[in-house]
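The values are calculated or read from the model by the stated rules, or taken from the named source; none is laboratory data. Just so it is clear, the model here is predicted, and its values are computed rather than measured. Glycine also receives a Cβ, built like all others from the backbone with ideal geometry; neighbour counts cover every protein chain displayed. Ligands, DNA and RNA are stripped out before the accessible areas are found, and what is left, the full protein with its side chains, is counted by its heavy atoms. Shrake-Rupley method; radii C 1.70, N 1.55, O 1.52, S 1.80 Å.
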Amino acid sequence: MPGTEVPSEPRDGRSAGPAPSQEMLRGTPVAGSIAPGLPVYGTAPGARDSAPERAPDGVRAAGSRPRDRAPACGDPERGSPDGGAPDTMGPMTAVSPSEPAAQSPARSRVSRRVAAIAESATLAVDAKAKALKAAGKPVIGFGAGEPDFPTPDYVVEAAVAACRQPAMHRYTPAGGLPVLKEAIVAKTARDSGLALTPAQVLVTNGGKQAVYEAFAAMLDPGDEVLVPAPYWTTYPEAIRLAGGVPVPVVADEESGYLVSVAQLEAARTERTKVLLFVSPSNPTGAVYPPDQVEAIGRWAAETGLWVLTDEIYEHLTYGGATAPSMPVLVPELADRCVVVNGVAKTYAMTGWRVGWIAGPADVVKAATNLQSHATSNVANVSQAAAVAALTGDLSAVDEMRTAFDRRRKTIVSMLREIPGVACPEPQGAFYVYPSVKALLGRPINGRTASSSAEFAEIVLEEAEVAVVPGEAFGTPGYVRMSYALGDDDLAEGVGRLQRLLGSAG
Ligand code: PMP
């Protein structure tokens, strides 16, 4: 593995302590990890180990014609190119009189690329709600995208045991502990029916880093990515940081927030390289039926697109909905399909920061090289916890799913009682995404919201209820509410909205 540092000897001459569990550091043979009978991932004809996948002039799908560009996502002017705040502080260190002209004050203090990144709106709402709560306000937060349950005991115990192993105090392979990669291979075969080898897996600092590194490994400057909207707020930022251009493809509540092949095809241009796909979805909770997953996957395969499919909510589906893995339904796509996943949502492990990329070996190798310079290995203790989670059964998520399903029904029926709120019933994840368009421009406690962002502000100040405005997800006029909070808080919070908004108009 390139870029790894695994000290074989204690470097400071001290004893390494009791023999570490070498199982943690040992891999098993690659061939033995392919479950028989499963579609084999990333072995389509032409799959190569590390050669570039496409000509530098961009993907040009067979038969596709150059077209006008679809509108790009977000405002290209967003974020001051000069980094926002005026330079009033002066330099941190003395500048020599012979400073080259290139260091003129016109130069940005913060790089334009990074200055253009918006703060994560979901984390910002959550932070504001937590700060108000800490100040003694009885705020009820529907902002956070995390289960309210503690991590299961057996996972915590595995982490405690790992803490005591000196081998876990050291650098380990940048791409992930071999034992965790094996666990991911086995879990993916078990849950999705997709065959992987450990060389097709990169363990990352959460699904977020997986998304960022996957785009960084796939995109060249100017490559377009089709992003079904409403979208999770991080996707466009990760795409832009990687030099790509996010192109939103909007689906509203009429279509259950599901984009169609026709919509995707209409947005495709000669610059389109990747389709982003997520089911169940954050922020809508929408789940694509299997035949639609297959139709979209076939279209991507036929048009020569790559797919990044985010499966982080795979186990959180309700009412008989299922979330099959696209490369399993469309095996011919596997060589151009990158799966993102993680333990955060399934095992209530948001704070442990373990996710992964599974995909063609060349992309995974490139992303691993990137990670080896950016962050190295994910914290070993967290990786050990993830091994316990993935090799254990799914009973903890079964229990959480039952609670989420109960809360989903409660929140949908309570929101539907509010005049002006239109709330489709989500089939997955733990979010509802109601439209509040009918409430805009109408007085709420003597105040008027002209946008969902203002609506969220009024609701926070007047009812002490935190929701995330649709602006964060590319579709103003909606709010996202997470129902991963206790039943009593949920009923109290939506009750406050009913009282506040019941009088609107
Ligand atoms: N993908 C989606 C769709 C998500 O909602 C999230 C978390 N909000 C992630 C990926 C990343 O999760 P984490 O980094 O906590 O593993």
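Looking at segment 230-378, the accessible area is 27 square angstrom per residue; that uses a 1.4 Å probe and ignores ligands, DNA and RNA.
Note: segment 152-391, Cα convex hull, 111 Å³ per residue. Candidate cross-link partners of LYS187 among the lysines, defined by an alpha-carbon separation under 17 Å and a same-chain spacing of 8 or more, comprise LYS345. Each of PRO426, LEU460, VAL494 was placed along the dipole of segment 426-505 (beta-carbon charges, centred on the mean Cα), and the one lying farthest toward the positive end is PRO426. Counting Lys and Arg as +1 and Asp and Glu as -1 over every other residue whose Cβ lies under 11 Å from the Cβ of GLY486, the net charge comes to -4.
For segment 152-391, DSSP calls about 30 percent of its internal beta bridges antiparallel.
Assuming charge only on the beta carbon of Lys and Arg (+1) and of Asp and Glu (-1), the dipole of segment 152-391 about its Cα centre is about 900 debye to the nearest 20.
Along segment 170-186 the Karplus relation, 6.51 cos²θ - 1.76 cosθ + 1.60 evaluated at θ = phi - 60°, assigns HN-Hα couplings of 10, 4, 10, x, 4, x, x, 4, x, 5, 6, 4, 4, 5, 5, 4, 5 Hz to successive residues, with x for each Gly and Pro. Around the amide H of VAL479, modelled in the peptide plane, lie the amide H atoms of VAL436, GLY470, all under 5 Å away and 5 or more residues distant in sequence or on another chain. Over all pairs of different C-alpha atoms, segment 392-494 has a mean inverse distance whose reciprocal, the Kirkwood radius, equals 14.4 Å. Normalised size of segment 324-381, defined as Cα radius of gyration per 2.2 N^0.38 Å with N residues, equals 1.31. Remark: relative contact order (segment 152-391) = 30 percent; criterion is Cα-Cα distance under 8 angstrom and separation of 6 or more residues.
Name the residue from TYR171, PHE149, ALA186 whose Cα lies farthest towards the positive end of the charge dipole of segment 140-196, charges +1 on Cβ of Lys and Arg and -1 on Cβ of Asp and Glu. Of the listed residues, the answer is TYR171.
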